[in-house]
There are 4 protein chains.
Amino acid sequence: MDKTETNASWRQRLHEIIYEADTPFGKAFDVVLLIAILASVLFVMIESVESLDTKYHSFLNISEWVITLLFSIEYVLRVIAIKKPLKYIFSFYGLIDLLSTIPKYLSLFFIGSHHLAALRALRLLRIFRIFKMARYIGASNKLLIALKASRAKIGVFLFFVVISCIILGTIMYMIEGAENGFTSIPKSVYWAIVTLTTVGYGDISPHTPFGQLIASVIMILGYAIIAIPTGIVSSEMTKNLDSKIQTNTQACVSCSIEDHKDGAGFCYDCGSKLN
Amino acid sequence: MDKTETNASWRQRLHEIIYEADTPFGKAFDVVLLIAILASVLFVMIESVESLDTKYHSFLNISEWVITLLFSIEYVLRVIAIKKPLKYIFSFYGLIDLLSTIPKYLSLFFIGSHHLAALRALRLLRIFRIFKMARYIGASNKLLIALKASRAKIGVFLFFVVISCIILGTIMYMIEGAENGFTSIPKSVYWAIVTLTTVGYGDISPHTPFGQLIASVIMILGYAIIAIPTGIVSSEMTKNLDSKIQTNTQACVSCSIEDHKDGAGFCYDCGSKLN
Amino acid sequence: MDKTETNASWRQRLHEIIYEADTPFGKAFDVVLLIAILASVLFVMIESVESLDTKYHSFLNISEWVITLLFSIEYVLRVIAIKKPLKYIFSFYGLIDLLSTIPKYLSLFFIGSHHLAALRALRLLRIFRIFKMARYIGASNKLLIALKASRAKIGVFLFFVVISCIILGTIMYMIEGAENGFTSIPKSVYWAIVTLTTVGYGDISPHTPFGQLIASVIMILGYAIIAIPTGIVSSEMTKNLDSKIQTNTQACVSCSIEDHKDGAGFCYDCGSKLN
Amino acid sequence: MDKTETNASWRQRLHEIIYEADTPFGKAFDVVLLIAILASVLFVMIESVESLDTKYHSFLNISEWVITLLFSIEYVLRVIAIKKPLKYIFSFYGLIDLLSTIPKYLSLFFIGSHHLAALRALRLLRIFRIFKMARYIGASNKLLIALKASRAKIGVFLFFVVISCIILGTIMYMIEGAENGFTSIPKSVYWAIVTLTTVGYGDISPHTPFGQLIASVIMILGYAIIAIPTGIVSSEMTKNLDSKIQTNTQACVSCSIEDHKDGAGFCYDCGSKLN
């Protein structure tokens, strides 16, 4: 029984360091982690530049292996430190952590797959928790609330946009034809999206007067209907102006859930005691 | 009289299956229809890609004929199942259904016209009714209300945009001239639209310093006045935040009108009994 | 005295026909005018397309002369029909009317100046008065009120945008240099405007890694600060939601001022009796 | 003591002329300064155009030296005229003034550095104080308040945008590869930013069907999420509609702080008497 208790408290301390940013050790761990993530994303980028890769190839290769090993250890510790490891493994952050670790191993079998290490950038989202950026956490929560509330309307809007692009793309394919760069309907639909969203690469552009007329209509349409998602989010935000701010960064020891109330003593999801 | 009754009830059941999504059969019918529409749009797209068309030509051709026949049968059933067929035939969905059916027949006489089958994409709008997506139906209704309310203002705005583009295009034609790609006033107006809407293909772009100055003014203008439609829709949406949601998907047997109140027993337009 | 009275009533009737759209004659006159304007804008456009000009040169030339003569007569009548002609001549519409009439005469002395006839498009703004489009008049009034109220803020915003573009353009000129297309500071400033407003022609684009970094910052900046004019106009519009609609289309006989209250008996500006 | 007093009053009068725009001399000084700034920015621009530089080289060179000397004298006077010079030297405007003065001196040692003189454009921001543009000062204050209030939310938004671009850029690098212009991850990230912000140069564009599909998703994403910063600022502005306007342009003699209340007799920060 003694041993179990020591084990438990050992695990608890590990949980505090790895999962929380409230203690000095916990914060130090997270800061080191952030630096490692940033360095690793940078290395992947540098490696993809041929001239730099030729110069620093072995340094970059070794660095990536070192970081990958560190991430592997961290991942194992995360699984050990929590009471219900499966909950972590299949959580959003758990999957990101796994995906951030394996690319280098995969590169032993599949050439090029180590570029996936750029997915580690997603781990940077932890930055908000680490620096106790209450204001930012509050801000991103408000953003998420407004976006969730307007999800249905934005979904309908995007559905209409896609259907419009399919139809307008087909019409342009029939008007302009392969000789003007509209070689197939999918490509014309791609062009319609490029035009409606006002991106306008110019890799494909209409050449017939009638095609240019239709294109003008699409552009003015795109210019006008951008008002719709904007209006949706604006009105949602105006409504939500006084929603409250959540700042607690604790994560439950057993189920890893966050968003606890300030001063909460027990997890609201599984009832375990909070530190 | 017996026969008439049977006939009526037969027609009523058909109406339930084809026009409504509240019964299991009705839902199944709509799901099959959706899949057929999606498949057919996909086939038209694939056929337009030359390399794929060469490979699968006969398969694609036969599939399109099968789908066209199915759509033809469905169209005839829709006309039979309703008490006032003309109302359906000349309704928005009625016209779309007809236009979705005939392109393949037309292609027997006019080469290339079967591409119009992409118009079938419009039939996908039925998706909201089929899956009883109350939230989405409500969302799209709200969107339509806000857009209708701001129709006049957006109309005035687009009128000003078009007039501005005509005048700015003419000025650029006089400044840059044919040697810089502004070969005619219509083409210069097209360029002004491309620029004002911030699409910016780059197929035509000003080369003289004075032309670039005017172009800069047009861009900044376009960048600033996009605020106008956005402001219009935003204020409309803010006003309409608490409008109610409509979720009933029934359609009247005799006049095909929708938008019945939840729990309504009779059509609000013609007084016929609802199922 | 008799003669003066006849003269006055003759002038009054002319004023009713030319300046107002409330009587059948007044409306007919305005509709004919609109068609003439539209035709004339179309002719100028067609003439600028070389292939069409070669074909229909004499027809287009004669038509333009006919329309110019009609506009000249109309302009003289407008000056005669009003009690204080100078007020009309120097009003916004008065200047537009003059500018719409003279290009063809100017073309006798300056080649190419007849293209200015496209300025006639501005006369189309009269369309709102003619068709008694109360809703549209109201809508455009509201738009103007909101824009006037946010004029100062949008001015400050555009001032910042222009200063930013000057500085960012200079920095890019120093980074990229003439060999990458940034041949001078004015051209780099032009590029900065093209980029910040998200137009992005691609006629000039950064090639050095550091230049692409700065360009990325400019793009994200431009993407974010478009929120500012939009926010300004949105909040102004939300405030002005219940402003009233003006629909009277009468213009005062002596001072030509509009915007009279419905049912007003006398001009609110000079006190003359209204019809 | 007499001498000190004269000295003090001499300094006070200098302060009034240089730092304030309330007296005739102060206003005249500021107007001359503005013209010098505008001229100097114009000269730097003209000099960068090779054809114009060859023509007017010596005139431009001498003019820039004259303006630089004037700015140097002004800078020294500004430092002398204030009681706490360090406060001015390290203030925003103090640093801008220094940076506006030194480029020409630097050009003696580093070729090309005189282009930095374009930074003088920043000095134009003084324009609002000079012309007592109360409305504009109020407007820019309101803008700043709204932007400050939404700083956190916009920061979170831009953070997400950058992370998204890193990940999407990497994915596109793996899909398209060097043969289609996506030569490295940093370049692909640059492309993702160009696309997401709807700039769309077209210097790099996807060529594989799958790449074009991902690009379409990025564009539609960029088209939809522009609603977020817009919504943030709109709701902030709607909230701040009735914030008050600040119009006093006095600056404290001893600490150089501005934003004094109208009619204030003493500096709110250090208690010195105001003029």
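The values are calculated or read from the model by the stated rules, or taken from the named source; none is laboratory data. All of these numbers come straight from a predicted model, not from anything done at the bench. As a convention, Cβ positions derive from the backbone with ideal geometry for all residues, glycine included, and neighbour counts pool all protein chains shown. We work out accessible area using only protein heavy atoms, side chains counted, and drop any ligands, DNA or RNA first. Shrake-Rupley method; radii C 1.70, N 1.55, O 1.52, S 1.80 Å.
A few remarks follow.
- Per-residue SASA entry for B:His115, accessible area with 1.4 Å probe, Å² rounded to 10: 20 Å²
- The calculated FRET efficiency for D:Trp10 paired with D:Leu69, based on their beta-carbon distance and R0 = 35 Å, is about 0.95.
- Evaluating 6.51 cos²θ - 1.76 cosθ + 1.60 at θ = phi - 60° for every residue in segment D:88-95, the Karplus couplings come out as 5, 4, 9, 7, 4, 5, x, 5 Hz, glycine and proline recorded as x.
- Within the assembled protein chains, the solvent-accessible surface assigned to A:Ile163 is about 10 Å², based on a 1.4 Å probe.
- Contact residues in segment B:218-233 (at least 50 Å² less accessible area with all protein chains than alone, 1.4 Å probe): B:Met219, B:Ile220, B:Tyr223, B:Ile226, B:Ala227, B:Ile228, B:Thr230.
- Note: relative contact order over segment C:3-132, using C-alpha pairs below 8 Å and six or more positions apart, is 29 percent.
- ³J(HN,Hα), Karplus 6.51/-1.76/1.60, whole Hz, each residue of segment C:65-70, x for Gly, Pro: 5, 4, 5, 4, 5, 4
- Label-to-label distance, nm, for residues given as A:Ser113 and B:Asp53 (7 Å Cα→Cβ offset): 3.9 nm
- For A:Trp10, inter-copy label distances in nm, listed shortest first [label point 7 Å out on the Cα-Cβ vector]: 8.1, 8.2, 11.5
- Excluding ligands, DNA and RNA, the accessible surface per residue across segment A:3-132 is 54 Å² with a 1.4 Å probe.
- Note on exposure: A:Asp22, A:Asp53 ranked by accessible area (1.4 Å probe, complete protein assembly) read A:Asp22, A:Asp53, with the most exposed listed first.
- Selection of chymotrypsin sites (Phe, Trp or Tyr not before Pro), segment C:48-129, meeting DSSP coil and at most 15 other Cβ within 10 Å: C:Phe90, C:Phe109, C:Phe110
- Share of carbon and sulfur in the accessible area of segment B:3-132 stands at 75%, probe radius 1.4 Å.
- The residues of segment C:144-228 have, on average, 32 Å² of accessible surface per residue, using a 1.4 Å probe with all protein chains present.
- Nearest-first distances (nm) between copies at C:Ser91, label 7 Å from Cα via Cβ: 5.0, 5.0, 7.1
- Residues in segment B:104-121 that, when all protein chains are in place, have 20 Å² or more less accessible area than the chain alone would give (probe 1.4 Å): B:His115, B:Leu116, B:Ala118, B:Leu119, B:Ala121
- Violating pairs (Cα-Cα greater than 23 angstrom) within the set A:Lys239/B:Lys142; B:Lys142/C:Lys148; B:Lys27/B:Lys83; B:Lys148/C:Lys148: B:Lys142/C:Lys148; B:Lys148/C:Lys148
- Placing pseudo-labels 7 Å out from each Cα toward the beta carbon at B:Leu99 and C:Ile35 gives an inter-label distance of 3.0 nm.
- Per residue, the convex hull volume that the Cα atoms of segment B:148-239 enclose (Å³): 81 Å³
- Taking the protein heavy atoms of segment D:148-239 in the context of the full set of protein chains, the accessible area attributed to carbon and sulfur is 71 percent at 1.4 Å.
- Residues in segment B:53-59 carry Karplus couplings, in order, of 5, 4, 5, 10, 3, 5, 4 Hz; the curve used is 6.51 cos²θ - 1.76 cosθ + 1.60 with θ = phi - 60°, and Gly or Pro positions show x.
- Placing a label point 7 Å from the Cα of D:Phe25 along the Cα-to-Cβ direction, the distances to the matching points in the other copies come to 7.0, 7.0, 9.9 nm, shortest first.
- Chains D and A together bury roughly 4000 Å² of accessible area, counting both sides, with a 1.4 Å probe on protein heavy atoms only.
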